[in-house]
1. For the stretch 8-289, what's the relative contact order in percent, using C-alpha pairs closer than 8 Å and at least 6 residues apart?
2. Calculate the length of the line joining the C-alpha centroid of the stretch 46-115 to that of the stretch 8-34, in whole Å.
3. At 0.36 nm per residue, minus the direct Cα-Cα distance, what do Glu418 and Thr447 gain on full extension? Give it in nm, one decimal, please.
4. Pull out the extension gain between Gln259 and Phe289, defined as 0.36 nm times the separation in residues minus the alpha carbon to alpha carbon distance; nm, one decimal.
5. Across the stretch 439-453, in residue order, what do the Karplus-derived ³J(HN,Hα) couplings come to in whole Hz, using 6.51 cos²θ - 1.76 cosθ + 1.60 with θ = phi - 60° and x for Gly and Pro?
6. Under 8 Å for C-alpha pairs, at least 6 residues apart: give me the relative contact order for the chain, rounded to a whole percent.
7. If you take the beta carbon distance between His138 and Lys323 as r and set R0 to 56 Å, what does 1/(1 + (r/R0)^6) give as a FRET efficiency, to the nearest 0.05?
8. Cα-based Rg of the stretch 20-96 per 2.2 N^0.38 Å, rounded to two decimals?
Amino acid sequence: MNAKNPVKITDTTLRDGHQSLFATRMRTEDMIPIAEIIEQMGYHSIEMWGGATFDVMHRFLAEDPWERIRTLKKYMPTTPFQMLLRGQNLVGYRNYPDDVVEAFVAQACDVGIDIFRVFDSVNDERNFETSFKVIKAHGKHIQGTVCYSLTERKLGGPIYNIDYFVNKALKIQEMGADSICVKDQAGLIAPYDAYELIKALKAKLDVPVQLHTHFTSGMGALSLMKAVEAGVDVIDLATAPFGMRTSEPAMEPFIVAFQGTARDSGLDLNKVFEVGKYLETIIPKYKRFSDQTRFSVIDTSVLLHQIPGGMTTNLVSQLKQAKALHRLPEVHKEIAIVRKELGSPPLVTPSSQLVGAQAVMNVLFGRYKMVTNQTKDYVYGLYGKPPVAIDPEIQKLALKGYPRGETPITCRAADLLEPELEKAREATKDVAKSIEDVLVYALFPNTGLSYLKWKYGLEPVPESVKPVSLEDVEKEEELARLAREGKLIKKEDCQK
């Protein structure tokens, strides 16, 4: 039986798969051996860049982020490359001025990105204007994105209801988007909600609709199934070893589930198995970055507190430093309150980190006794317009003595930002050799400059960022086993 309407698949293995499970630590050298197999799959696209990759590559891997695109393109010349772009935040954690956004997006187009999934952490579509313009000028695909969020247990309530998402999607389509993605970063979308939302979007939109969700809560696969039934055009999946847990649902069961139906993907299960077998062989190199604090593959608590896995990691780290990890339950409760006071933004980078950090401060020092600089900037409007108005009392507290002023802005946030690209050129004139080098610095001045010095041999590359071989991992594991069993021979004992 030939599929009448095959469901298309974006493979997230090479970006969100390892970002979700292994702190984005997968190196390009470990992608190359499977690149040619992936090229043969016929995926709608491969998500292989953006998100945290740019930051982690230069900071922790001493790799050139731009070079990854070029390298993989040699092995996958016909597969569309997709990246996750944080709107005016690009691949960083603040709004960058338009000149930096224009240069970054243009370079990404030139190097080989074909599809740009563009989102904004507060769903303020004004933060798409500059990147959309450049993507369109280069003839690339704009995937406008709405971040999925909830204030209730399931879809509905005064803010995040079907009308909210449909109206946002219609605005983004009018801005020139070639497709629309519903981005469920925390795995919160329930199966029947997914069905109703996709049905509503398909009825109103003229462009294809894609659903991105995570397995975190255990509902991801169920929700994608219902979305396919509702007519979604594309879904995001990861190859099994890099899927499930806080990553995307695994690809292999979906290939089998739709085989012989009107929505048969037509993908070769045996080729996916080959990729999966290879991934299993390299996982020992990255396993130390995975969450091994629980046995369960799903985080049932996310159904209660709705906090994405990456956000929880940050909270735990902050509380450990303050020797207050026992106060995590208080922070979870405080996050819900702070989020509501700050206009109920979706909990996604960077708004998730901002809300989480302020909640930690409130628990440790008293409510808004200390206000983070990020919270002040957010309340002033530098991140964009939140879904609903910020609590007036919190606004007064946050902006008291704020150097930019105590009255929030109403314009597009980037309209207030001074150009930075020429300053970045000047700051790197003795080390940068291309616009790509300048952009590394423009986005991440401190760590970017260190990376450029490593890249050009001006400073030695630290041992901590050098590649680790499987042999090294095996030796470490054997030493750890011997230590546990008390069989390690101390150096002084050998001398005796």
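1. Relative contact order here is 19 percent.
2. 14
3. Between Glu418 and Thr447, full extension yields 8.2 nm more.
4. Going from the current span to full extension adds 7.3 nm.
5. Once rounded to whole Hz, the list reads 5, 4, 5, 4, 7, 9, x, 6, 6, x, 5, 4, 4, 4, 5.
6. Value for the chain: 17 percent.
7. Working from the Cβ atoms, E equals 0.65.
8. In units of the 2.2 N^0.38 Å rule of thumb, it is 1.12.
Throughout, read-outs are computed from the coordinates displayed, never taken from laboratory work. From a predicted model like this one, the values you see are computed outputs, not experimental measurements. Note that each Cβ is placed from the backbone with ideal geometry, even for glycine, and that neighbours are counted across all protein chains shown.
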